[in-house]
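As structure tokens, the structure follows; a few thoughts come after it.
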Amino acid sequence: MTISWFCQWDRSKEANPALDPYDRQALAALLRGCPGLIEGHVFSPAQAHDPHYADLGGAPVLVLQLEFAEIADLENGLQAGGYLSCLADPHFLPSVAGAIASHQAMLTRRYPVAEPQPVATSTSPEGLLSYLVEYAGPAEDEQAWHRFYVGKHPHLLSKFPGIRGIEIYTPAVVISGLPFPFRTSMQRNKTVFDSADAMNAAMLSPVRDALRQDFHSFPPFTGEAAHYPFHTLSVRGGRAR
């Protein structure tokens, strides 16, 4: 099992920034050289449709997901003066200046899909489409909640037409020197499609209604269940999986 570090930049009342192509490429270069990184993903907001979440606006300006095999590699990067400390410098990503950053480390669980490889001819030039979900929690009984979720939901997700990947994340403790507040989300998950059009088609399938029915059967929980689609720039680090 690997560790995924999520860092999220949210809009503030004073600013409405947007990641520009220059900063996107700066992040790609940063991730390519990140010690111990298996793979990193740069998520920027995309337009797609989910009939059960009609308004998908208000997405974070930027989300990073960095995947490591060893928590020590991640923690080394997160220390003051570590490799990833540049993310706290407002001059490093000027296009998102004014956004509010927060972060959380999570354990990564992958689930099989029928056809994991994207169709090259249908893949968006802006990268694959990732649909990220974040359950803030808490649940009345978090162990019961997680058992229910992983016992059924991944199997339903795998039935989406055109789905290329499924990952589910649960909290881990990471020691950090970054001046960002920690997020305390109960769970995240990610589904991956070739493009926004492919996600839209999947969301109109009967699978989406089955997932919604399963949602209404979840053990009691509170907090927001945020759903946002993102263009996805994926970068392999120096360490192969």
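The values are calculated or read from the model by the stated rules, or taken from the named source; none is laboratory data. These figures come from a predicted structure and were not determined experimentally. No Cβ is skipped: glycine too gets one built from the backbone with ideal geometry, and neighbour counts run over all protein chains shown. These area figures cover heavy atoms from the full protein model, side chains too; ligands, DNA and RNA do not enter into them. Shrake-Rupley method; radii C 1.70, N 1.55, O 1.52, S 1.80 Å.
At a glance:
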quantity: Mean shadow area of the stretch 183-241 over all directions, Cα convex hull, nm²; calculated: 6.5 nm²
quantity: Acute angle (nearest 10 degrees) that the helix 206-215 long axis makes with the longest principal axis of the chain, alpha-carbon atoms; calculated: 80 degrees
quantity: Stokes-Einstein D (µm²/s) once Rh is taken as the Kirkwood radius of the chain over alpha-carbon pairs, at 20 °C in 1.002 mPa s; calculated: 117 µm²/s
quantity: Computed FRET value (nearest 0.05) for Phe148 with Arg32, which takes r as the C-beta separation and R₀ as 51 Å; calculated: 0.85
quantity: Length gained when the stretch Asn16-Tyr111 is fully extended (0.36 nm per residue, less Cα-Cα span); calculated: 30.7 nm
quantity: Gyration tensor over alpha-carbon atoms, the stretch 1-99, equivalent ellipsoid semi-axes in Å; calculated: 25, 18, 12
quantity: Ellipsoid equivalent to the stretch 135-209 - semi-axes via the Cα gyration tensor, in Å; calculated: 28, 18, 10
quantity: Cα-based reach from Lys159 at 13 Å (exclusive), listing aspartates and glutamates while leaving out same-chain residues under 8 positions away; calculated: Glu115, Asp209
quantity: Rounded accessible area per residue of the chain, 1.4 Å, Å²; calculated: 46 Å²
quantity: Alpha-carbon gyration tensor eigenvalues x 5, square-rooted, for the stretch 91-162, Å; calculated: 27, 25, 9
quantity: Degrees, to the nearest 10: 142-157 long Cα axis against longest axis of the chain; calculated: 70 degrees
quantity: The stretch 132-201, accessible surface, carbon-and-sulfur percent (1.4 angstrom probe); calculated: 56 percent
quantity: Karplus 3J(HN,Hα) series, Hz, for the stretch 60-72 with 6.51 cos²θ - 1.76 cosθ + 1.60 (x for Gly, Pro); calculated: x, 5, 7, 10, 10, 10, 10, 10, 10, 7, 10, 5, 4
quantity: DSSP-loop GluC sites (Glu not before Pro) across the stretch 85-176, with at most 13 other Cβ within 10 angstrom; calculated: Glu140
quantity: FRET efficiency for Ser217 and Glu126, using Cβ-Cβ distance with R0 set to 35 Å, rounded to 0.05; calculated: 0.50
quantity: Mean ellipticity per residue at 222 nm, deg cm²/dmol - from DSSP H runs of n ≥ 4 across the chain, formula -39500 (n - 2.57); calculated: -6500 deg cm²/dmol
